[in-house]
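Input: a single structure, listed below in structure tokens.
The values are calculated or read from the model by the stated rules, or taken from the named source; none is laboratory data. Note that the structure is predicted; figures quoted are calculated from it, not measured. When we count neighbours, we look across all protein chains shown, and the Cβ atoms used for this are built from the backbone with ideal geometry, even at glycine. Ligands, DNA and RNA are stripped out before the accessible areas are found, and what is left, the full protein with its side chains, is counted by its heavy atoms. Shrake-Rupley method; radii C 1.70, N 1.55, O 1.52, S 1.80 Å.
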Amino acid sequence: MADPLSIIAGTVGLLDVCWRVGSYLSDVKGAAKDIESDLEGLRDEIDALHGINSVIRELQKKTAEAGLISGLDQAPELSRIWKNIEENTRGCTDVVAKLEDEVRKL
């Protein structure tokens, strides 16, 4: 016949494990909601960066079409600015593409 004290101890241990598993599952569910919210925010930021890059490229194109970039030898500072902008937008576009891929994977 089983010892009553052993049965009580086993039951308490089993209840403790069940309590911990329930608590863990509750924490996982809350964390999943936070991650989903963070991903939504990241996607919004990616869209904003993409929009800004599009506007900068359009501005550069219109500036070139208007002839405002001609004679860059006379304005090396302007040439350097556009070159830096182009490098930054290219880098930003690469980062946005990588972030979009990561968000899709998640």
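Brief remarks on what is shown
- √(5λ) per eigenvalue of the Cα gyration tensor, segment 1-42, largest first, Å: 41, 5, 4
- Accessible area of segment 1-69 divided out per residue, in Å², using a probe of 1.4 angstrom: 83
- Nearest-ten-degree value, helix 76-105 long axis tilted from longest Cα axis of the chain: 30
- The residues neighbouring T89, those whose beta-carbon lies less than 13 Å from its own, together hold a net charge of 0 under the Lys/Arg +1, Asp/Glu -1 convention.
- Principal-axis tilt of helix 4-65 within the chain, Cα atoms, nearest 10 degrees: 10
- Summed over all non-identical Cα pairs, the Kirkwood treatment of the chain gives a radius of 19.1 Å.
- Accessible surface of the chain [probe 1.4 Å, protein heavy atoms]: carbon and sulfur percent: 61
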